[in-house]
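One structure below.
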Amino acid sequence: MSELSVWTGGTVLRAGVIGWLAHDTGGMSDAVKISSVSSDAAGSHAVEPAGRGTGRRASVLWKVMAVPLAAAIALGAAGGTASAAPSKDEAAHLKSRAQGLVDAGYPAVLAAQTDAKGESTGVAVGKSNLETGQAPPLDGEVRIGSNTKTFVAVVIMQMVEEGKVGLDEPIETYLPGLIKGEGIDGSRITVRQLLQHTSGLPEYTDTTPGEADIFQVRDHYAQPRDLLDTALSKPAAFEPGTQWSYTNTNYIVLGMLIERVSQRPVGEQIDQRIVKKLKLSHTYFPASGDRSIKGTHPQGYHVNADGKLEDITEMDPSWGWAAGAMISTPSELNAFFQALFDGRLLSRASIEEMKANALDASSRLGPGAVYGLGLIGYTLSCGGTAWGHGGSIHGYETHNAVGPDGTAATFALTALPAAIADQSNLESSATEKGEMARDAVDVTLCHK
């Protein structure tokens, strides 16, 4: 193992089965009936199930010490208690957890642990390129899938604070005549329901890209309106507010809401309101038609028609748009979520609003999972609730959260669990491999 010198960049510092692009995690038909809503921000069980959810490898260890100039990154009072800086033992444990995921079949794993003061430890293990055996880059850029939803949710909540959007206002107010179809009426669907996946809107990703060979459609550009039209060609999944079902269509609509209210592109709003404010240099919403990852990055892999892993790094993510197109790094995802919870992006009231009345999402997202407004909460094995999101898109999966003491952890994988799973026992094997990554976040936040 080689150790890099200290880096003092001021802006530096899953989701897999966490808040995903549904097509990649299997099954968008999962829904739970809402029987009651809990006001506990930690999310007690508020709903009951109504359906079923889901050569040598090189390694490098790094440690980042954020300089004072990065009060822009320090987490302050997010968790209410101070945490110790990541120790050498924790760094070794982080590497061990990442290596365990590589041993389970993931081509490469990039991970970062950031304490409440903004001090980070990170590792990159495995193979960035399966053909050459090249080591993965430290804190490289990866596609972050449905973590995009939390960026969108933050912009929406900022607009709520500015009096430009109402959480309980019908989407018809902002997008008149657009949200309509069989059993679908925009005047009965609120902004809050879109944020929390209780709108009843049908899913589009089971059609686009659907079951198509991703390698055959990787270069296809999708217009947001076409994605919405695909969804609206189907009947409503349920009456608004009566069930919970993770549905990417909700965030396509929210992206359109942001653009209508701001009269600017959603990616630009995310950049101006979040990325530039936090001085994140490797976090961005890809430009229209951009198939590349700009910065240093590991290759992403997906299983091809022959059942073998093939490079899927170059891909047009427009079909994910405001539901899952963004790119970032493990350390910058930690920085974003810490900033979200410590009040640098939203008021304390807005932060609590995003967590309050979280709905039971365990049937889809795993035991103890709850869904707020663009946030996923998990009960940690050591007690307390960790909040984050996570994301998946062909070639990449990220598991991430911030624990009660303000520690943030992100594990980025360069293949989806289904791509490395036993294809003869796909569902069970993919679930097991996805849970390994979620467990890695848990033990990291519990400092085990």
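From 118, 105, 133, 51, which residue is modelled with pLDDT under 50 and either open to solvent by 30 Å² or more (accessible area, probe 1.4 Å) or at positive phi (or both)? Sole residue among the options that is modelled with pLDDT under 50 and either open to solvent by 30 Å² or more (accessible area, probe 1.4 Å) or at positive phi (or both): 51. Of the residues 241, 289, the single one that is within 30 Å of residue 108 (Cβ to Cβ), open to solvent by 10 Å² or more (accessible area, probe 1.4 Å) and over 20 Å from the mean Cα position of the chain (by Cα) is 289. Of everything in segment 316-340 that is open to solvent by 10 Å² or more (accessible area, probe 1.4 Å) and of a type in the set (Phe, Trp, Tyr), the residue that is farthest from residue 259 (Cα to Cα) is 319. Among the conditions (1) among the small types (Gly, Ala, Ser); (2) under 12 Å from residue 296 (Cβ atoms); (3) over 21 Å from the mean Cα position of the chain (by Cα), residue 126 misses just one, which is (2). Within segment 270-277, identify whether any single residue is open to solvent by less than 30 Å² (accessible area, probe 1.4 Å) and either in contact with an Asp or Glu (Cβ under 8 Å, 6 or more places away or on another chain) or of a type in the set (D, E, K, R) (or both), and answer yes or no. No; the residues of segment 270-277 include none that is open to solvent by less than 30 Å² (accessible area, probe 1.4 Å) and either in contact with an Asp or Glu (Cβ under 8 Å, 6 or more places away or on another chain) or of a type in the set (D, E, K, R) (or both).
Among the residues of segment 87-98, those identified as assigned to a helix (DSSP H, G or I) and surrounded by fewer than 18 Cβ atoms within 10 Å (Cβ to Cβ) are 88, 89, 92, 96. Among the residues of segment 244-272, the ones that are within 16 Å of the chain's Cα centre (by Cα) and in a loop (DSSP other than H, G, I, E, B) come to 3 in all.
Within the set 227, 167, 178, the sole residue that is under 23 Å from residue 365 (Cβ atoms), surrounded by fewer than 21 Cβ atoms within 10 Å (Cβ to Cβ) and of a type in the set (A, V, I, L, M) turns out to be 167. When residues in segment 339-382 are screened for being over 19 Å from residue 31 (Cα atoms) and β-branched (Val, Ile, Thr), 2 of them pass.
Could you go through segment 191-209 and let me know if any residue there is farther than 20 Å from residue 395 by Cβ, open to solvent by 30 Å² or more (accessible area, probe 1.4 Å) and outside any loop (DSSP other than H, G, I, E, B). Yes; the residues of segment 191-209 include at least one that is farther than 20 Å from residue 395 by Cβ, open to solvent by 30 Å² or more (accessible area, probe 1.4 Å) and outside any loop (DSSP other than H, G, I, E, B).
Kindly evaluate residue 307 against the criterion of being part of a loop (DSSP other than H, G, I, E, B), open to solvent by 10 Å² or more (accessible area, probe 1.4 Å) and more than 21 Å from residue 224 (Cβ to Cβ). In short, yes.
The values are calculated or read from the model by the stated rules, or taken from the named source; none is laboratory data. Here the structure is a predicted model, which means the values were calculated and not measured. As a convention, Cβ positions derive from the backbone with ideal geometry for all residues, glycine included, and neighbour counts pool all protein chains shown. Just so you know, the surface numbers come from the protein's heavy atoms only, side chains and all, with ligands and any DNA or RNA stripped out. Shrake-Rupley method; radii C 1.70, N 1.55, O 1.52, S 1.80 Å.
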